[in-house]
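What follows is a single structure, written as structure tokens, with notes after it.
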Amino acid sequence: MAAELRWWAPHALPITAPPARDVLVTMRDGRIVELAAGVSRDRAAELGATLHDGCVIAPGFVNAHAHIEYAAYGELVDGLAFAGWIADHMQRKRRLAPEQMRASARFGAVTALHAGITTIGDASFSGDAAHAMHELGLRGRVYLECFGGDTAAGAEATLADTLARLEQLPSSALLHHGISPHAPYTVGEPLYRAVAASGLPWMTHLLESQDELDYLAGHGAMHDVTRARGFAFHDWAGRSPVQVLADVLGPDAVVVHHVHAEPADWEVLASTGAAVAHCPRSNARLGCGVMDLVAADRAGVLVALGTDSPASAGPLDMFAELRSAVELHRAVARDAAWPRLGRMLRAATLDAAQALGFDDLGSLDVGSHADLVAVQVGVVDDPLVAYVLGATPADVEAVAIAGRDMGVRAGDRAAVEAARQQANGARTLVALPVKQPLRR
């Protein structure tokens with residue numbers, strides 16, 4: 001008989017159904033095989049369940065867009081507009097040896113796991129995210145970044161090199177691959193089209209900042225940044241890359257940010273089925289703006305929540321990302337009840353899983369992958385309010401991925417601190433001052 005894992009808690013957030021009380025979840029062969037409400041604590045104990053008193057059981061967070069290899073970079077700079085921040089980031093990144101980048105990626109993976117993140121869509125410069133996620137047993141998709149490709153020949157050569165590099169990365173039933181043509185200020189239209197034709201899922205940063213819009217119009221600070229780093233000018237002739245790529249976007253594409261979007265851009269995403277990865281903390285900290293959630297919902301575009309990079313948004317903390325999304329959009333809408341908490345939690349679980357191409361993930365439905373968290377909320381009236389507006393990574397009491405207990409325990413930060421110590425070499429190097437930061 002296959003080994004079973006049973007969890008009981010006074011509250012559960014199924015995502016596809018209202019909150020439930022006194023819930024027993026049974027996991028077997030990596031899937032949820034039973035979700036029973038109204039089960040007493042004593043009965044759950046008789047059945048051998050792990051008792052998570054004072055907890056909410058919920059799907060593990062699905063982080064739709066991250067860069068975990070930059071976990072050692074947090075809280076280094078402030079006050080730089082986007083182009084200046086990119087210039088600063090590039091200079092710091094060049095200092096790291098491969099082993100230091102890998103240690104930083106592992107620190108990111110450990111931090112994510114202990115913060116209740118069970119699945120990650122990672123845009124990886126080095127590919128080290130794949131090694132770190134595979135080692136820890138995280139679920140996810142690693143999109144290997146690529147750059148250049150402003151001619152057809154150059155695009156094919158870059159794609160071939162990227163595919164060869166992907167072959168060297170670990171993969172498993174939990175860990176899958178994709179490609180990330182970085183952004184229109186570092187990637188030409190031919191490479192975007194070559195990537196889309198490859199058949200692999202892909203992820204790209206689009207319409208993130210005013211600096212990007214200026215670049216697309218043929219002027220601005222981003223020209224100085226990319227030229228200084230040896231990138232050719234990718235001439236988009238002032239056109240929206242979303243509209244230029246409308247014929248190759250599809251459900252296998254994730255557009256990250258989409259802050260400076262016009263109505264026609266939302267229409268393209270809706271008609272093609274491409275998803276948006278929404279990263280409100282990063283967009284706010286860099287002064288990029290706030291993605292138009294009203295326009296997204298009106299168009300019917302799938303919106304998934306992501307933390308983005310620790311270099312731009314701080315810790316890999318989906319609780320903080322979730323609260324930021326709720327608070328920012330309520331402030332913009334001047335509406336204390338919209339967006340609803342459940343709608344944003346879905347963007348951090350079920351909808352994010354769909355955006356990354358994972359079926360049967362991100363809810364507590366029977367048959368779904370058994371990626372769960374138990375999170376301390378204490379005695380509460382409304383578990384959804386307590387979970388979304390009050391919980392933190394320190395409250396994560398247990399994590400399961402594919403029905404396997406991952407050894408996370410509330411208050412036990414030993415694994416995180418050990419990974420942090422291993423990444424100290426990277427932190428020391430990236431924290432050195434940067435010469436001539438680009439400021440407005």
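In a Gaussian network model over the chain where Cα atoms closer than 10 Å are linked, find which of E189, E99, E46 has the largest mean-square fluctuation. Evaluated over the chain, the most mobile residue of the options is E46. Springs between alpha-carbon pairs under 10 angstrom, Gaussian network model over the chain: which of R95, R334, R285 fluctuates most? Maximum among the listed residues: R334.
Taking label positions 7 Å along the Cα-Cβ direction at both A197 and A418, the computed distance is 4.8 nm, reported to one decimal.
The ranking of I179, I15 from fewest to most other beta carbons within 10 Å of each one's beta carbon is I15, I179.
Overall size of region 131-262 from C-alpha positions, given as principal axis extents largest first: 44, 30, 29 Å. Remark: relative contact order (region 1-159) = 18 percent; criterion is Cα-Cα distance under 8 angstrom and separation of 6 or more residues.
A Förster distance of 51 Å, applied to the separation of the beta-carbon atoms of A237 and D381, puts the FRET efficiency at 0.35. Counting only DSSP beta bridges whose two residues both lie in the chain, roughly 40 percent are antiparallel. Taking Cα atoms only, the orientation of helix 98-114 departs from the longest principal axis of the chain by about 40 degrees. Taking every Cα-Cα distance in region 1-148 and sorting them into 5 Å bins starting at zero, the pair-distance distribution P(r) comes out as 2, 9, 14, 15, 13, 13, 10, 8, 7, 6, 3, 1, 0 percent.
Averaging sequence separations of C-alpha pairs under 8 Å and six or more residues apart, then dividing by the length of the chain, give the relative contact order as a whole percent.
Working: 1031 pairs, mean separation 101.8, N = 440.
The value is 23 percent.
Taking 0.36 nm per residue of sequence separation and removing the Cα-Cα distance, the A394/D359 pair yields an extension gain of 9.7 nm.
Divide the volume of the convex hull around the Cα atoms of the chain by the residue count and you get 134 Å³ per residue. Residues considered: A274, A197, A355. Largest GNM mean-square fluctuation over the chain, using C-alpha springs under 10 Å, is found at A197.
Once the chain from V33 to E4 is taken as fully extended at 0.36 nm per residue, the excess over their C-alpha distance is 9.5 nm.
A simple spin-label model places pseudo-atoms 7 Å from Cα toward Cβ; at D53 and H219 they are separated by 6.7 nm.
Taking 8 Å as the Cα distance limit and 6 or more residues as the minimum spacing, I'd like the relative contact order of region 304-345 as a percentage. Show your work: numbers first, answer last.
Numbers: 25 pairs, mean separation 12.3, N = 42.
It comes to 29 percent, rounded to a whole number.
For the pair L432 and A153 in one chain, pulling the backbone fully straight at 0.36 nm per residue adds 96.6 nm over the alpha carbon distance. Applying the criteria of a DSSP loop state and at most 16 other Cβ atoms within 10 Å to the trypsin sites (Lys or Arg not before Pro) of region 360-415 yields R409, R413.
Values in this text are rule-based calculations from the coordinates and carry no lab data. Treat the numbers as computed from the prediction; the structure is a model and nothing was measured. Cβ coordinates were reconstructed from backbone atoms using ideal geometry, including for glycine residues, and neighbour counts include every protein chain displayed.
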